Number of protein chains: 2
Amino acid sequence: MIVDFHTHIVPDAFPATGGAEVLWPSMKHHGDGRADVMIAGKVYRKIDERSWAVAPRMVDMDRDGIDVQVLSPMPELLSYWFSPEDGGVICDAVNGHINAMVADAPTRFRGIGMVPMQDPKLAATHLKKLHDSGMIGALIGSHIEGLPLGDASLDPFYQTAQDLGMLVMVHAMHPAGMDRVGGPAGLAGTVAFPLETALAASSLIVGGVMERFSDLKLMLCHGGGALMSLLPRLDFAWHKGMSIASAVSVPPSEIARRFFFDSIVYSDDSLNTLIDRVGGDRVVMGTDYPFAIMQTDPVNFISGASAGHAPAILAGTPFDLARKTRI
Amino acid sequence: MIVDFHTHIVPDAFPATGGAEVLWPSMKHHGDGRADVMIAGKVYRKIDERSWAVAPRMVDMDRDGIDVQVLSPMPELLSYWFSPEDGGVICDAVNGHINAMVADAPTRFRGIGMVPMQDPKLAATHLKKLHDSGMIGALIGSHIEGLPLGDASLDPFYQTAQDLGMLVMVHAMHPAGMDRVGGPAGLAGTVAFPLETALAASSLIVGGVMERFSDLKLMLCHGGGALMSLLPRLDFAWHKGMSIASAVSVPPSEIARRFFFDSIVYSDDSLNTLIDRVGGDRVVMGTDYPFAIMQTDPVNFISGASAGHAPAILAGTPFDLARKTRI
C-alpha cells in the first residue's frame with residue numbers, strides 16, 4: 001500500500017464573502033477542466049480538474065503506482081489574513097471539499113484539513129471537527145501572519161493535536177526574505193520555501209514545542225527544507241554553550257529526529273542526508289501533486305535512493321501515521 | 001602553506017563620529033586584553049585582543065597548523081546604514097587597521113577590506129584603494145540595507161572587482177526571517193546566517209551577476225550556507241521551465257560552481273556535499289576565528305573529510321585566489 005503523503009487540492013468553488021475581503025479567493029472556470037484561482041482580481045495560479053476531482057487524480061496515481069493520496073489544501077488557502085470567523089468559513093469550505101473527495105473514493109484518499117490558526121483556541125475547536133470527520137491531521141503555514149510557530153500562544157492548538165493524535169503538517173507560506181532575492185515574479189516557492197521551512201523548524205526547536213508536546217506528531221514538508229543543512233551548525237553552537245543552548249535541553253539534531261518529514265528533496269544525496277540525520281522511519285513519500293514543482297516518478301525516486309528504507313517511507317510510516325490518527 | 005581564508009578582526013579603536021549616529025561603533029577596553037564592542041549604548045559583542053592584534057593570533061595559528069590567515073572585518077562593521085561618507089570613514093579606519101596588522105607580520109596575514117556598498121560607485125573607488133594597498137578583496141554583506149546582491153545597480157562595484165581581480169567575499173549580515181524564529185536573543189547568527197547566505201546566493205544567481213561578470217571571483221561564506229540544499233530544487237524548477245528558467249540561461253547548479261566557498265560547515269557530510277556539488281577546487285578552508293562559532297581543529301576537519309581535495313582546499317585554491325588578486 002504505497003502512499004503519497006503530500007498532495008494539494010483546491011475546491012472547484014468558494015463561498016461568497018459577505019464583506020469586502022480583497023484577498024478572498026474565487027474560481028474562474030474555463031469550461032474545459034481548466035480554471036484560474038483568482039485572488040485580489042489577479043490570477044494566483046492556473047490549475048485544472050486534478051485539483052478538485054478524484055477521477056483524474058486516480059488515473060495519475062495508477063500510472064505512478066500510488067495506492068493512496070493524502071489530500072491537503074493549497075497553502076495560499078490557509079487564510080490567516082482574514083478574521084478568525086471569515087477564515088473559519090474558508091476552512092469549512094475547503095475541509096468539506098476534501099472530505100467529499102475522500103468520500104468519492106475512500107480506499108484511495110485520506111484527508112488533511114485546515115484550521116484558523118489566527119485564533120489558536122478556535123483552531124483547536126476546528127481541529128476536533130476535522131478529527132471527528134475522519135481527517136488525519138491539519139496543514140498549517142510556516143508562520144501565522146508573522147507569529148513564529150514556536151510561540152507559546154499556539155499551545156492550545158498543539159495540545160489538542162497531541163490529545164487527538166492529529167498530525168500537524170507544516171508547509172512554507174509567504175516566505176521571509178524574497179525581497180533579498182529579487183528576480184522574476186513567482187520565484188518565492190522555488191527559492192524561499194525551503195529556507196522558510198527551516199525558519200519554522202528552528203522556531204519549533206528553540207520555542208520548545210517538541211519538548212512541551214513530546215507525543216505530538218508534526219511533519220515538516222519538503223524534507224524539512226534547509227533544516228538538514230542547518231543542524232551541524234545548530235549542534236555546534238549548542239555544544240559551545242551559545243544562546244541556543246539556553247533554549248533547548250538537548251542538541252537540536254535530537255529534536256529534529258522527533259519531526260516527520262516528506263521526501264520532496266529532488267536529489268538522491270539530499271534524501272540520503274535526510275535519512276541519515278533523522279532516520280528512515282521519520283520520512284514519508286510526498287510529491288506536491290498536482291503542481292508544477294511536483295516530484296516526478298516518486299516511487300522510483302524513493303526506491304532508488306533510500307536503500308532499505310523504501311518500505312517504511314512508501315508504506316510503513318504513512319500507514320502508521322494515518323492509522324494512529326484515525327478514531 | 002596552509003591558509004585560513006575566513007577570519008575576522010575588529011580594530012582596537014574607531015574614529016569619533018562628528019554627527020549623532022546612534023549605531024556608530026565604539027570600544028570599551030577593560031585593560032586586560034578584553035573589550036566590548038559598543039553599539040547604540042549596548043554591548044554588541046565581547047571580544048579580546050585576538051580581534052585586533054597579530055601576536056595572540058599567531059600563537060593560535062601555530063597551535064592549529066595555519067601558516068596564513070586572511071583577515072576581514074567583523075560584518076557588523078560594514079556600516080551600510082550610515083551615509084556613504086560616514087560609512088567611508090569607518091571603511092578607512094577598519095581597512096587601515098587590517099593593513100597595519102598585515103604589515104606587522106606580512107608572511108602570516110593577508111587582508112580583505114570593506115567598502116561603502118550603499119554607494120556602488122564610491123564602493124568601486126574604495127575597492128581600487130584596497131587593491132592599491134595590497135589587499136586581496138572586499139567583504140560585503142548579504143544585502144545592502146535590503147537591496148539584493150543581484151541588483152544591477154551594484155554592477156559598477158562588481159565590474160571594478162572583476163577588472164582588478166579583487167575577490168568579493170559575501171557574508172551574512174542582519175539576516176531575514178528572525179522574527180519567524182523567536183527564541184532567545186543572539187540566535188540570528190546561529191540559525192539564520194546560513195539561510196541568509198542562500199538568499200544572497202540565489203539573488204546573485206537569478207540576478208545574473210555571475211553571467212554578466214564571468215571572470216568575477218566571488219566567495220560565499222559558510223559553505224554557501226543552505227545553498228547546497230536548495231540546488232536540486234532550483235535545477236528541478238529550471239528544467240520544468242518555471243520562472244527561474246527566465247532568469248538564468250543554464251541550470252542554477254552550474255552557476256553555483258562559479259562561486260568559491262569556505263569550508264565552515266561543521267560536518268563531514270556537509271563538506272562532502274559541497275565538494276560533490278561545486279568541486280574541490282572551489283572550496284577554501286575558513287574558521288570564523290576568533291568568534292565563538294569558529295570551526296575548531298580546522299586542518300584535521302579538512303584532511304579527514306575531503307579525501308583527495310585537502311591540498312587544494314588548504315593551500316592550492318587559497319594561494320591561487322590570493323596571488324591572482326595581487327598586483
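For the reader, a short list of remarks on this structure follows.
- Residue in the range B:242-254 that is modelled with pLDDT of 95 or more, among the hydrophobic types (A, V, I, L, M, F, W, C) and closer than 30 Å to B:Val59 by Cβ present: no
- The one condition in (1) in contact (Cβ under 8 Å) with a residue 24 or more places away in the chain; (2) outside any loop (DSSP other than H, G, I, E, B) that A:Val115 fails to fulfil: (2)
- Of all residues making up the range B:214-234, the number that are closer than 29 Å to B:Pro318 by Cα and either β-branched (Val, Ile, Thr) or over 19 Å from the mean Cα position of the chain (by Cα) (or both): 6
Matching residues to (1) outside any loop (DSSP other than H, G, I, E, B); (2) over 25 Å from A:Ile205 (Cα atoms):
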| site | (1), (2) |
| --- | --- |
| A:Ile255 | yes, no |
| A:Leu274 | yes, no |
| A:Met294 | no, yes |
| A:Ser303 | yes, yes |
| A:Pro311 | yes, yes |
| A:Gly316 | yes, yes |
| A:Asp320 | yes, no |
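For (1) surrounded by fewer than 22 Cβ atoms within 10 Å (Cβ to Cβ); (2) in contact with a helix residue (DSSP H, G or I) (Cβ under 6 Å, 6 or more places away or on another chain); (3) not hydrophobic (A, V, I, L, M, F, W, C), each residue gets a yes or a no:
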| residue | (1), (2), (3) |
| --- | --- |
| A:Ile244 | no, yes, no |
| A:Ala247 | yes, yes, no |
| A:Pro251 | yes, yes, yes |
| A:Gly286 | no, no, yes |
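- Any pair with Cβ under 6 angstrom, 6 or more apart, that starts in the range A:241-268 at a residue that is free of Cβ contacts under 8 Å to residues at least 24 places away in the same chain and more than 10 Å from chain B (Cβ to nearest Cβ) and ends at one that is part of a helix (DSSP H, G or I) and buried (at least 16 other Cβ atoms within 10 Å of the Cβ): A:Pro251/A:Asp235; A:Pro251/A:Trp238
- Residues satisfying the stated conditions in the range A:46-88, i.e. open to solvent by 40 Å² or more (accessible area, probe 1.4 Å) and free of Cβ contacts under 8 Å to residues at least 60 places away in the same chain: A:Lys46, A:Glu49, A:Ala55, A:Met58, A:Val59, A:Asp62, A:Arg63, A:Ser83, A:Glu85
- Subset tally (residues that are surrounded by 19 or more Cβ atoms within 10 Å (Cβ to Cβ) and either away from every other protein chain (no Cβ under 13 Å) or within 30 Å of B:Ser153 (Cα to Cα) (or both)) for the range A:161-171: 6
- Checked against (1) more than 9 Å from chain A (Cβ to nearest Cβ); (2) at pLDDT below 95, B:Ile275 meets all criteria but (2).
- Close pairs from the range A:273-284: first within 16 Å of A:Pro311 (Cα to Cα) and open to solvent by 40 Å² or more (accessible area, probe 1.4 Å), partner in a helix (DSSP H, G or I) and β-branched (Val, Ile, Thr), Cβ under 6 Å, at least 6 apart: A:Asp281/A:Thr317
- Residues (aliphatic (A, V, I, L, M) and surrounded by fewer than 22 Cβ atoms within 10 Å (Cβ to Cβ)) located in the range B:1-23: B:Met1, B:Ile2, B:Ala13, B:Ala16, B:Ala20, B:Val22, B:Leu23
- Residue among B:Gly134, B:Gly113, B:Gly183 that alone is among the small types (Gly, Ala, Ser), out of contact with any Cys (no Cβ under 6 Å at 6 or more places or on another chain) and within 19 Å of B:Cys221 (Cα to Cα): B:Gly113
- Answer residue from the range A:199-240, given it is closer than 14 Å to A:Asp151 by Cβ and assigned to a loop (DSSP other than H, G, I, E, B) and is nearest to the other protein chains (Cβ to nearest Cβ) among those: A:Gly207
- Scan of the range B:132-160 for residues that are open to solvent by 20 Å² or more (accessible area, probe 1.4 Å) and either in a loop (DSSP other than H, G, I, E, B) or among the charged types (D, E, K, R) (or both), ordered by number: B:Asp132, B:Ser133, B:Glu145, B:Gly146, B:Asp151, B:Asp155
- A single member of A:Thr125, A:Thr107, A:Thr160 is at pLDDT below 95, more than 14 Å from the chain's Cα centre (by Cα) and β-branched (Val, Ile, Thr), and it is A:Thr107.
- Residue selection: A:Met294 satisfies the criterion of being within 12 Å of chain B (Cβ to nearest Cβ), within 19 Å of the chain's Cα centre (by Cα) and open to solvent by 20 Å² or more (accessible area, probe 1.4 Å).
- If only residues of the range B:172-191 that are facing another protein chain (nearest Cβ under 7 Å) and outside any loop (DSSP other than H, G, I, E, B) are counted, the one that is most open to solvent (accessible area, probe 1.4 Å) is B:Asp179.
- Taking the range B:1-80 and the strands (runs of 3 or more DSSP E) fully enclosed by it, the elements with 2 or more residues that are among the hydrophobic types (A, V, I, L, M, F, W, C) are at B:3-9, B:34-39, B:42-48, B:68-73.
- Taking the criterion of being within 18 Å of A:Phe82 (Cβ to Cβ) and under 15 Å from the mean Cα position of the chain (by Cα), the only residue of the range A:95-104 that qualifies is A:Asn95.
- Complete set of residues in the range A:24-42 that are open to solvent by less than 30 Å² (accessible area, probe 1.4 Å) and over 24 Å from the mean Cα position of the chain (by Cα): A:Gly33
- Filtering the range B:93-123 to residues that are over 24 Å from B:Ile2 (Cβ atoms), among the hydrophobic types (A, V, I, L, M, F, W, C) and crowded, with 22+ Cβ neighbours inside 10 Å leaves B:Val94, B:Met114, B:Val115, B:Met117, B:Ala123.
- The one condition from (1) in contact with a Phe, Trp or Tyr (Cβ under 6 Å, 6 or more places away or on another chain); (2) more than 30 Å from B:Ser303 (Cβ to Cβ); (3) of a type outside the set (S, T, N, Q) that B:Ala35 does not meet is (1).
- Members of the range A:165-199 that are farther than 22 Å from A:Phe82 by Cβ and touching a residue at least 40 places away in the same chain (Cβ under 8 Å): A:Gly165, A:Met166, A:Leu167, A:Thr190, A:Thr197, A:Leu199
The values are calculated or read from the model by the stated rules, or taken from the named source; none is laboratory data. Just so it is clear, the model here is predicted, and its values are computed rather than measured. Glycine gets a Cβ as well: all are built from the backbone with ideal geometry, and neighbour counts include every protein chain shown. Keep in mind that these areas ignore ligands, DNA and RNA; they rest on the heavy atoms of the full protein, side chains included. Shrake-Rupley method; radii C 1.70, N 1.55, O 1.52, S 1.80 Å.
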